[in-house]
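**Student:** Questions regarding the structure given below will be posed in turn.
The values are calculated or read from the model by the stated rules, or taken from the named source; none is laboratory data. Because the structure is a prediction, the values reported are computed rather than measured. Quick reminder, even Gly has a Cβ in these numbers, built from the backbone with ideal geometry, and neighbours come from all protein chains shown. Remember, those area values only see protein heavy atoms, side chains included, never the ligands or the DNA or RNA. Shrake-Rupley method; radii C 1.70, N 1.55, O 1.52, S 1.80 Å.
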Amino acid sequence: MSNLEKYNGVFVKVFNVDESCLNADFLAETVEKWDSITQMSLINQLEDCFEIMFEIDDIINFTSYEGGKEILKNYSVDI
């Protein structure tokens with residue numbers, strides 16, 4: 001399974017959406033389900049999936065599907 005497939009799988013599971021919804025418009029400010037609880041669930045699932053620990057600033061700045069890919073690069077996870 002590729003890193004992209006893993007990444008998408010986490011979003012599909014946490015937000016209960018179809019993978020086709022995941023694009024540049026999938027943002028914390030536009031996705032109704034994206035609240036603080038869902039944010040922490042997303043972070044937790046990604047940390048488990050990629051065996052990493054996010055820094056606090058990265059958790060706070062993880063506010064979009066595309067932006068998350070960039071943040072993961074800081075942890076040597078290429079999507």
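**Student:** By the scheme Lys and Arg +1, Asp and Glu -1, what is the net charge of all other residues having a beta-carbon under 13 Å from that of ILE79?
**Tutor:** Within the 13 Å Cβ shell, the charges total -1.
**Student:** How far apart, in nm, are two points set 7 Å out from the Cα along the Cα-to-Cβ line at ASP57 and at LEU4?
**Tutor:** Inter-label distance under the simple model: 2.9 nm.
**Student:** Moving on to the next point. Where does the chain land on Rg(C-alpha)/(2.2 N^0.38 Å)?
**Tutor:** Rg over 2.2 N^0.38 Å, computed on Cα atoms: 0.98.
**Student:** For the stretch 35-79, report the accessible area per residue in Å² (1.4 Å probe, heavy atoms, rounded to an integer).
**Tutor:** Accessible surface, normalised per residue, equals 59 Å².
**Student:** With Cβ to Cβ distances under 14 Å as the rule, what net charge do the other residues near SER41 carry (K, R +1; D, E -1)?
**Tutor:** -1
**Student:** Could you tell me the accessible area of LEU27 in Å² (1.4 Å probe, neighbours in place), rounded to the nearest ten?
**Tutor:** The accessible area comes out at roughly 40 Å².
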